[in-house]
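A quick write-up on the structure given underneath.
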Number of protein chains: 4
Amino acid sequence: MPAKLKTAVIGATGYSGSELARLLLHHPRVDTPLLLRRQSETNGEKSAGMPPSFAGNGCPTLQPFSWTALQQHETELLFLATPHEASRSLVPEALAGGLRVIDLSGAWRLKQAQHRAIYGFRDEDAVTAAELTEKAVYGLPELNGDRIPHAALVANPGCYATSVILALAPLLAAGIVDRKKGIISDSKSGVSGAGKEPNARTHFVSVADNLSAYSVFGHRHVGEILEQLDLNTSELIFTPHLLPIPRGILSTLYVHLNREMKPVEIESCFRGFYSGKRWVRVFATPQLPEIQFSLHTNYCDLGFCLAEDGRRLVLVSCVDNLLKGAAGQAVQNMNLMYGWKEEEGLQ
Amino acid sequence: MPAKLKTAVIGATGYSGSELARLLLHHPRVDTPLLLRRQSETNGEKSAGMPPSFAGNGCPTLQPFSWTALQQHETELLFLATPHEASRSLVPEALAGGLRVIDLSGAWRLKQAQHRAIYGFRDEDAVTAAELTEKAVYGLPELNGDRIPHAALVANPGCYATSVILALAPLLAAGIVDRKKGIISDSKSGVSGAGKEPNARTHFVSVADNLSAYSVFGHRHVGEILEQLDLNTSELIFTPHLLPIPRGILSTLYVHLNREMKPVEIESCFRGFYSGKRWVRVFATPQLPEIQFSLHTNYCDLGFCLAEDGRRLVLVSCVDNLLKGAAGQAVQNMNLMYGWKEEEGLQ
Amino acid sequence: MPAKLKTAVIGATGYSGSELARLLLHHPRVDTPLLLRRQSETNGEKSAGMPPSFAGNGCPTLQPFSWTALQQHETELLFLATPHEASRSLVPEALAGGLRVIDLSGAWRLKQAQHRAIYGFRDEDAVTAAELTEKAVYGLPELNGDRIPHAALVANPGCYATSVILALAPLLAAGIVDRKKGIISDSKSGVSGAGKEPNARTHFVSVADNLSAYSVFGHRHVGEILEQLDLNTSELIFTPHLLPIPRGILSTLYVHLNREMKPVEIESCFRGFYSGKRWVRVFATPQLPEIQFSLHTNYCDLGFCLAEDGRRLVLVSCVDNLLKGAAGQAVQNMNLMYGWKEEEGLQ
Amino acid sequence: MPAKLKTAVIGATGYSGSELARLLLHHPRVDTPLLLRRQSETNGEKSAGMPPSFAGNGCPTLQPFSWTALQQHETELLFLATPHEASRSLVPEALAGGLRVIDLSGAWRLKQAQHRAIYGFRDEDAVTAAELTEKAVYGLPELNGDRIPHAALVANPGCYATSVILALAPLLAAGIVDRKKGIISDSKSGVSGAGKEPNARTHFVSVADNLSAYSVFGHRHVGEILEQLDLNTSELIFTPHLLPIPRGILSTLYVHLNREMKPVEIESCFRGFYSGKRWVRVFATPQLPEIQFSLHTNYCDLGFCLAEDGRRLVLVSCVDNLLKGAAGQAVQNMNLMYGWKEEEGLQ
């Protein structure tokens, strides 16, 4: 039995961070992870501990953040469950110190400056940041499985983006999409996707018995979808909605095909593209995924309905935003980076 | 003070029926309504009473259905909150007996046989049914306000249809929609829209923490949307979803414009079309309606976002499916039929 | 028709405040109310407006708080939907200026210093505060209906307290409770009871799919329950719980009787006590109230089950915390203060 | 590595049954389980399959029930996730055929005829049934850990009963409860506890935004609580409530102590009693368990608050009704029956 991997999580008290801590604690090839607060929390700003659900499961005590703590732990792989500004500032030093990094924020996902603008990064011309942006691998294993194993810095995809990209990639790769007519993703997410910070939008009374659209034509995840799928801004409309549920994403996508097709051909297209991919499930039409089916799993579930005219396609894509949309995908990326089976620690 | 209107409700125990009973009980121009069970319930099949929330508010006892009861009550206006099959069989006799009828089911909404097929009506060639189909007025006051006052039979619109038609009508009337690119309505509804009958789909555990699409390319409300908006089947995709909330509908609609427009022009288009309409609220962009805002009201709330290219439009339309989507709209229709102010009994 | 009453609401943007504004806007004997922000909001701290659901219903614009605004409006009755500290500071000046006041906070509910301690009032020896404390009438119409009509200052009861006091009062008045064995109220409330301020406890993800007890042996409403029912601390245990619903309270109460009784006797006790009381509904055993039944109404619903031994009684009491538990009860108090029917504006 | 255990589940499509199937599929010492429909389903009555969430995880196809299928699978341990009537009829034949059985229904939990009456068993005098009733071990590992290892028939406890018994057992064992004053358990459960059968009570619209008490003084789980804790009927009131959440139980218990105690003594009492028990977590006062903390785990979480008088105790006990309250506890019992670590397959 080889030595277990030494990992650390910065930001282990957030929704994604604690889900990640839970997965790492039970991963057969990973040593008990070092769990660190965010820098801002360490400075006394906030002081939440690990959720009480962690008691009794061998969870280590949460530590304040410090580079020294990371060194003493002999950390090999660092997970960042931090805001994107924090990730921008932490990654250069971490990589310089020889760590490999999986960053769950949006800090390093985007290659094109036009998309990075929405994050307000002012350093895209800085040498280091530009280099790292170039070097970072977008950690969607089903698309970039060849580059992730060797990456020093993996930019773990956004939750919405995961559900949208995995639904569209097979069709775009097959060249059967009529892009000129425009692709639409009407996406709906549970509230944990909005983070743990309490505000008027995440107050229970604002969310319960409600549904609302937000950030129409202006959501941060649009950039990574466009880049990964090589689409122009005019070819995609992405509309996120806030669902009155704690977790889970369902995207309903609308695509025009450039030729008349049969349902069995669409199904083949998906099954072929995802053949051998452990964490994508293709549903046989007309059965459609629902949020419940993929909840608490690392699956992305995909299904579709084709209009009688054979040209208009409705796709449904579901992920658990904290697993395949965040922590689960981060573990899947780790598995690829260390040559382990893609499902280790995720069943 | 003129004599109050004599009304009756068949099917007063269902979700729409009891909401209607509540509105009629407090309507200043309506006498205490006669509340009747459905025929099937009268025959002993089921025997639910009025919900306990009605106690203490002067609600009359629920009666078994009979034509005699309707006559003795001297009923002038009959509301049908019954399944469409029941409405098909009750309406001819009711009209022959001199009653005016507002039917909340889908029985008389559709003029075109192709759309009626989904309801399985086998009598579309029967003389009476054909005549009544012709005679029935689609009870959407904002579109058919001129014909409703004189109608003997008003076909109250479907809840989804109300949210979709009111969102699209101003744009189509203005001739600014590029129909060839296709219109999409991604609609989400609370569970009361699925009726009171318990089944696997309406079980709490199936709905809570979940979202699911259903009846893609095959929902019954598509026909009325197409007919009222004079669209072809190929010009609209309508995808309903089941939300984990008791009531409320939000439709997100996607429209391509046939020329570049400014937000202010779109807003003018809506404000002009709905000028003087009491129960439509147009939101100033970029504010968007949410389900909570119209809940427990008779409003249809409309808002929009226009892409920077001025050609791609996202609309959001919200109604309370039991009020503007059913019982409230029925009362609004009654108000028109008897020459009262449109808001009587609805505030 | 006499002139309509001039009212004002300070704190009209909170949950209780906006519910109150909605009721006053539709009250047949009340002029359009003056809606004011809280002082702290007026000073720029926060700037929420009225909820979007108010649009289109003739709701006046929200004004910053000032005594001048109140005078210019010729305000006769002032509602305070403010934190208790604010109510403590506003009431003396308001009364001195000739206004009558209904205060929805806990500022003036308690006569006994031992109970006031929990609010941290440091001024109980101040002459004005002591005088006003003495003068204030606890605004539970079913108990204090004789004193409310003449009150200058009505202390509107707490939501939990309303549900508990109304359940116990008839039994205690009848002298059939074995107090030595202790009374228990296991109470559950929706989240709006915790106020509109976002915090970790009211975050959707903390509340949804959850239930939690809090403030065991230390909730602020215990004092008013004890005072109104003339109980000692040792005779009552009150345990509040936070329910994953927006509004509504259900209290389950456990009482030992000091003699063997029959269900019909218990029912008589309740029906007698609440005879002629418009806003209490007594359920016939074994039917029990549920939160849904009283939601969006001003009712307090009461029901019970008696053990076979005739000595152990389980009571269930439900109110809508924003209506009978706050704004509705405030309107009921106003109706009493001005000699109107108790149900005016509440149906 | 010894051969893996051959297990089967009858009733694998219900909520408890499918949760059990999921646990067995991932249990390191258990072979892929044989999953069988209930007899009634096998006869064509219903035909639900395994939930779609099982796809892709190596879940075997659901089989119709037959004794032959059980034999061919060489089943050693049979789990019954069947209604109690079915369990009554299946167990004698299963035991006669040499199988060991863990029954998740209420069929074999009760020794005393007075409590069995509520289940309507008419065979308590039948020799076999009487013998098996005697032989069955109540499968609460924390209390009966010495007898479960040798049991042929384990009666898996009810979900409510688990939460109540584990909260009270340490106090009763220590002899510090004043039983004459009566113990109260005010318990609240998610909807999956009511089973998968759709009915008016489990309809989403009936449950959402609601809370209701039911079966006051008459719930089936009372018998097992009384028997296991050796209490009289008059010493306990148990009131179940239906929560608007899919899963989880919180019981709030009220106990009078027969002498004045300190919080630290109560905590010691619990910690001592549950020392070495893997699946009970005792919270340090004043922290209290919440439903979320034990959700998706096999823990029973216990916490308490003691009144200042040192004599009145409020306990809070939480379990996931499908895990520690059903399937998880069944696996824990299996682990004991085969001499494995209590946590195998449950982390």
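The values are calculated or read from the model by the stated rules, or taken from the named source; none is laboratory data. Model, not experiment: these values are computed from the prediction. Here the Cβ is made from the backbone with ideal geometry for all residues, glycine too, and neighbour counts use every protein chain on show. Just so you know, the surface numbers come from the protein's heavy atoms only, side chains and all, with ligands and any DNA or RNA stripped out. Shrake-Rupley method; radii C 1.70, N 1.55, O 1.52, S 1.80 Å.
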Per-pair calculated FRET efficiency, R0 = 41 Å: residue C:199 and residue A:232 via Cβ, rounded to 0.05: 0.45
Centroid-to-centroid separation of segment C:1-41 and segment B:254-320 [C-alpha atoms, Å]: 30 Å
Most mobile of A:111, A:324, A:277 in a GNM of chain A (Cα contacts under 10 Å): A:277
Tilt relative to chain A, helix A:84-96 - C-alpha long axis, 0 to 90 degrees, to 10: 60 degrees
Cut-off 11 Å between beta-carbons: net charge of the residues surrounding residue C:290, Lys and Arg +1, Asp and Glu -1: -1
Shortest-first nm distances, residue A:197 label point to equivalent points in other copies (7 Å, Cα→Cβ): 2.0, 4.8, 5.0
Residue with peak Gaussian network fluctuation, chain D [Cα springs, cutoff 10 Å], from D:257, D:211, D:80: D:211
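At a 1.4 Å probe, what is the % contribution of carbon and sulfur to the accessible area of chain A? Walk me through the numbers on the way to the answer.
Details: 5900 of 12300 Å².
After summing per-atom areas, the C and S share lands at 48 percent.
Need one value for B:286-293: mean number of C-beta atoms belonging to other chains within 10 Å of its residues' C-beta atoms.
Working: counts 3, 2, 5, 3, 10, 5, 12, 7.
Averaged over the peptide's residues, the number is 6.
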Label point 7 Å beyond Cα along the C-beta direction, distances from residue C:29 to other copies (nm, shortest first): 2.7, 7.6, 7.8
Computed P(r) (all Cα pairs; the protein assembly as shown; 20 Å bins; percent): 9, 35, 39, 15, 0
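Let me know the volume per residue of the alpha-carbon convex hull for chain B, in Å³. If you can, show how the numbers build up before the last one.
Details: hull volume 48.7 nm³, N = 347.
That works out to 140 Å³ per residue.
Could you provide, to the nearest whole Å², the per residue accessible area of the protein assembly as shown with probe 1.4 Å? Don't jump to the answer; show the numbers that get you there.
Numbers: 49310 Å² over 1388 residues.
About 36 Å² of surface per residue is accessible.
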Virtual spin-label span in nm between residue D:150 and residue B:147, 7 Å along Cα→Cβ: 8.4 nm
With Cα atoms, 0 to 90° folded angle of helix B:327-337 axis to chain B main axis: 80 degrees
Charge-dipole axis of segment C:159-319 as Lys and Arg at +1 and Asp and Glu at -1 on Cβ define it, positive-most pick from C:298, C:254, C:172: C:298
Probe 1.4 Å - accessible area at residue A:296, Å² to nearest ten: 90 Å²
For segment D:216-231, 3J(HN,Hα) per residue [Karplus equation, 6.51 cos²θ - 1.76 cosθ + 1.60, θ = phi - 60°, Hz, x = Gly/Pro]: 5, 6, x, 7, 4, 6, 4, x, 5, 5, 4, 5, 5, 9, 6, 10
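Helix-only estimate, please: 222 nm mean residue ellipticity of chain C, summing -39500 (n - 2.57) across DSSP H runs of length 4 or more and dividing by its residues, to the nearest 500.
Working: 13 runs with 105 residues, N = 347.
When only DSSP H runs of four or more count, the value is -8000 deg cm²/dmol.
Report the charge-dipole magnitude of segment C:81-227 in Debye, nearest 20, computed about the Cα centre from +1 at each Lys and Arg Cβ and -1 at each Asp and Glu Cβ.
Working: 15 positive and 16 negative charges, 55 e Å.
My answer is approximately 260 debye.
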Dipole in debye (nearest 20) - the protein assembly as shown, about Cα centre, beta carbon charges: Lys, Arg +1; Asp, Glu -1: 0 debye
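Just checking the output field for C:175-182: average partner chain Cβ neighbours within 10 Å of each residue's Cβ? Present the calculation step by step, with values, prior to reporting the outcome.
On the way: counts 0, 0, 0, 1, 0, 1, 5, 8.
Averaged over the peptide's residues, the number is 2.
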Estimated distance in nm for a label pair at residue A:4 and residue B:179, the labels positioned 7 Å out from Cα along Cα-to-Cβ: 6.6 nm
Axis-proximal residue, chain D, for the rotation superposing D on C (Cβ, Å): D:186, 2
For B:236-246, mean number of other protein chain Cβ atoms within 10 Å: 6
Shortest-first distances to equivalent copies, position residue D:93, nm, label 7 Å out along Cβ: 5.1, 7.1, 8.3
Most mobile listed residue (C:87, C:189, C:53) in chain C, GNM with C-alpha springs under 10 Å: C:53
Principal-axis tilt of helix B:263-273 within chain B, Cα atoms, nearest 10 degrees: 30 degrees
Total accessible area lost when C and D pair, probe 1.4 Å, Å² to nearest 100: 3300 Å²
